[in-house]
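A short worksheet on the structure shown next.
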Amino acid sequence: MPYSPAYKGDPAILALGSGFFDPVEPARFPKTTLRYRNDRAAATVGLESLNNNMWLAHFAHFDPLPGTLMEPLAQRYHGHQFRVYNPGIGDGRGFLYAQLRDTKGRLMDLGTKGSGTTPYSRGGDGRLTLKGGVREILATEMLEALGANVSKTVSLVETHESLHRGDEPSPTRSAVMVRLNHSHMRIGTFQRLAYATDTKRLNRLVAYCLKHYYGTEPTGTDADFALQFLALVRDHIAVQAAELIATGFVHGVLNTDNINITGEIFDFGPWRFLPTLDPNFTAAYFDETGLYAYGRQPDALHWNIYQLGGALADIAEQAALKEVLADFPDLYQRAVKDKTLARLGVKPKNDQSDEALLRLVNDFMGAQDIAYERFFFDWYGGAASRARAFCSPESARYQSGKAAEIVTALSAYQPTNPAALNTPYFQGDTPCTLLIDEVEEIWSHIDERDDWAPLNAKIDSIRQMGDALRP
């Protein structure tokens with residue numbers, strides 16, 4: 001049987017009816033070569049048992065999967081791009097082509113990148129560079145290992161076309177990628193309907209999202225639905241903001257069309273992981289004002305949530321919407337505390353102690369210019385790692401005045417995952433990192449010698465870290 005017993009198609013989006021998407025034809029590629037298949041992610045929706053020929057049929061040629069969508073759908077949306085509203089966007093090089101239930105019963109979307117032109121391509125070729133696909137594999141693997149809620153890169157297939165891009169050496173190799181998300185519904189999806197004053201469809205979309213992504217049957221008035229929905233999205237985006245900060249990740253393009261309503265980090269552009277703690281570190285060369293710099297990401301997401309609230313203003317009263325949105329900063333502060341303590345591998349103690357510890361950590365890392373991942377690797381488990389940290393290449397810095405305060409503070413904390421320190425990852429002496437030079441080195445092996453071994457080795461090391469960090 002090509003599909004596992006866990007497989008369950010559920011084309012729920014069709015219940016929305018017209019006005020939300022457009023049927024499209026996938027591109028036909030000259031040749032397809034499978035470069036990456038994520039069987040771990042595929043297993044969550046019953047697709048891990050496909051042989052490679054069937055994999056290519058479904059993930060490169062987009063033959064319909066059984067019991068789900070019979071044709072791909074390019075979704076319609078608008079969005080603020082660097083705070084400028086753009087009504088001319090939508091799925092321009094991707095589409096939704098299947099919806100499945102995962103092993104937890106959640107509705108999941110299979111979406112593409114590089115699958116050809118759509119009505120929203122705006123003159124683009126609808127393609128993805130192979131390098132872009134490799135970068136997304138690495139970003140999603142690393143974020144997943146660090147415990148973030150992130151899209152899963154399921155497949156990358158090289159498509160053997162020559163692409164020309166203005167921001168990288170050209171011609172360059174092409175690919176088509178498939179990602180698995182709990183939702184591809186964006187803040188910009190709601191903005192488009194509000195822009196068109198299509199209140200009927202806006203209400204329908206809110207009800208759909210409450211039912212299928214939050215497991216809630218809407219009750220009460222349309223205004224009640226809208227407020228309930230906004231509060232749920234607010235909660236998830238506050239956690240997303242905390243995950244960006246705790247993982248040291250800079251997304252680069254936190255536009256409203258890149259933010260989905262289930263709080264998954266997805267739709268990657270020129271991302272970076274921090275070399276050292278720097279609030280002003282930016283990922284995108286075109287982010288000239290630092291709008292989406294590392295330290296400004298929580299504010300950017302807060303602003304984006306306000307745009308969702310604005311899109312719902314024809315359904316619910318503005319005062320009630322603002323009341324929901326006002327809780328975002330407190331929710332974020334609680335989430336970033338919890339996520340940072342999780343990165344340190346210690347249990348929360350109390351608000352006062354936790355906040356004091358995190359201030360010490362931030363002050364020390366900022367002043368010492370210490371490698372971001374090095375610090376969290378050395379001190380994972382808190383005081384239980386004291387001997388290990390003092391054998392680190394950074395041991396001299398750990399014996400300074402500020403570090404002594406951190407060591408004293410950590411002594412009051414219990415480790416959340418003491419067994420992790422006995423794993424091969426923490427028994428080693430080097431943290432797993434994913435800095436831009438490493439990414440470029442991995443790509444150079446692929447580009448120059450068609451050598452995929454460094455990519456596969458990096459994925460293995462990232463997963464080893466993730467296994468150690470997972471209680």
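The values are calculated or read from the model by the stated rules, or taken from the named source; none is laboratory data. Bear in mind the structure is a predicted one, so any value in this text is a computation, not a measurement. Please note: Cβ atoms are built from the backbone with ideal geometry, for glycine as well, and neighbour counts cover all protein chains shown.
Go through (1) touching a residue at least 60 places away in the same chain (Cβ under 8 Å); (2) touching a strand residue (DSSP E or B) at 6+ places or on another chain (Cβ under 7 Å) and name the single condition Y332 misses.
Against the list (1) touching a residue at least 60 places away in the same chain (Cβ under 8 Å); (2) touching a strand residue (DSSP E or B) at 6+ places or on another chain (Cβ under 7 Å), Y332 comes up short only on (2).
Looking only at the stretch 319-345, filter to residues that are among the aliphatic types (A, V, I, L, M) and touching a Leu at 6+ places or on another chain (Cβ under 7 Å); which one of those is nearest to T416 (Cα to Cα)?
If we take residues in the stretch 319-345 being among the aliphatic types (A, V, I, L, M) and touching a Leu at 6+ places or on another chain (Cβ under 7 Å), then V324 is nearest to T416 (Cα to Cα).
Can you tell me how many residues in the stretch 25-47 are surrounded by 15 or more Cβ atoms within 10 Å (Cβ to Cβ) and out of contact with any strand residue (DSSP E or B) (no Cβ under 9 Å at 6 or more places or on another chain)?
Residues meeting the conditions: 1.
Enumerate the pairs (first residue in the stretch 186-202 and part of a loop (DSSP other than H, G, I, E, B); second residue anywhere and surrounded by 14 or more Cβ atoms within 10 Å (Cβ to Cβ)) with beta-carbon separation below 8 Å, excluding pairs fewer than 6 apart on the same chain, so at least 6 apart or on different chains.
Short answer, once both residue conditions are applied: T197/D314; D198/G19.
For the stretch 373-394, which residues satisfy the criterion of being within 28 Å of the chain's Cα centre (by Cα) and buried (at least 20 other Cβ atoms within 10 Å of the Cβ)?
Selection gives E373, F375, F376, F377, D378, W379, Y380, G381, G382.
Mind checking which pairs have a first residue in the stretch 112-135 that is touching a residue at least 12 places away in the same chain (Cβ under 8 Å) and a second that is among the aromatic types (F, W, Y) and part of a helix (DSSP H, G or I), Cβ under 7 Å, 6 or more apart or different chains?
K131/W443; V134/W443
Name every residue in the stretch 160-179 that is assigned to a loop (DSSP other than H, G, I, E, B) and of a type in the set (D, E), in order of residue number.
D167, E168 - these are the residues of the stretch 160-179 that are assigned to a loop (DSSP other than H, G, I, E, B) and of a type in the set (D, E).
If you check T140, T153, T118, T112, which single one turns out to be assigned by TED's automatic domain parsing to the domain that holds D63, part of a loop (DSSP other than H, G, I, E, B) and crowded, with 21+ Cβ neighbours inside 10 Å?
That would be T118, the only listed residue that is assigned by TED's automatic domain parsing to the domain that holds D63, part of a loop (DSSP other than H, G, I, E, B) and crowded, with 21+ Cβ neighbours inside 10 Å.
Just give me the residues in the stretch 77-98 being assigned to a loop (DSSP other than H, G, I, E, B), touching a helix residue (DSSP H, G or I) at 6+ places or on another chain (Cβ under 7 Å) and crowded, with 22+ Cβ neighbours inside 10 Å, in sequence order.
Matches in the stretch 77-98: Y77, H78.
Applying the selection to the stretch 406-431, what residues are surrounded by 16 or more Cβ atoms within 10 Å (Cβ to Cβ) and part of a helix (DSSP H, G or I)?
I406, V407, A409, L410, A420, L421, Y425, F426
For the stretch 31-52, which positions are farther than 20 Å from T68 by Cβ and either part of a helix (DSSP H, G or I) or at pLDDT below 95 (or both)?
Once the filter is applied, which keeps residues that are farther than 20 Å from T68 by Cβ and either part of a helix (DSSP H, G or I) or at pLDDT below 95 (or both), the stretch 31-52 yields R40, N52.
Which of the numbered conditions does K349 fail, given that it passes all the others? Conditions: (1) assigned to a helix (DSSP H, G or I); (2) not assigned by TED's automatic domain parsing to the domain that holds H236.
Here K349 clears every test but (1).
Run A74 past the list (1) of a type in the set (A, V, I, L, M, F, W, C); (2) under 24 Å from the mean Cα position of the chain (by Cα); (3) part of a loop (DSSP other than H, G, I, E, B) and report the number of the one that doesn't hold.
With (1) of a type in the set (A, V, I, L, M, F, W, C); (2) under 24 Å from the mean Cα position of the chain (by Cα); (3) part of a loop (DSSP other than H, G, I, E, B) applied to A74, the lone miss is (3).
Would you be able to tell me the number of residues in the stretch 360-396 that are of a type in the set (A, V, I, L, M, F, W, C) and in a helix (DSSP H, G or I)?
12
Is the stretch 169-189 home to any residue that is small (G, A, S), in the same structural domain as S18 (by TED's automatic domain parsing), at pLDDT below 95 and at negative phi?
Yes, because at least one residue in the stretch 169-189 is small (G, A, S), in the same structural domain as S18 (by TED's automatic domain parsing), at pLDDT below 95 and at negative phi.
Please verify whether the stretch 254-264 includes one or more residues that are among the hydroxyl-bearing types (S, T, Y), under 12 Å from the mean Cα position of the chain (by Cα) and closer than 25 Å to Y77 by Cα.
Yes, there is a match, as at least one residue in the stretch 254-264 is among the hydroxyl-bearing types (S, T, Y), under 12 Å from the mean Cα position of the chain (by Cα) and closer than 25 Å to Y77 by Cα.
Evaluate the following for G124: is it touching a Pro at 6+ places or on another chain (Cβ under 7 Å) and either closer than 27 Å to M54 by Cα or surrounded by fewer than 23 Cβ atoms within 10 Å (Cβ to Cβ) (or both)?
no
Going by what's in this entry, would D125 be described as outside any loop (DSSP other than H, G, I, E, B) and at pLDDT 95 or above?
Criteria not met by D125.
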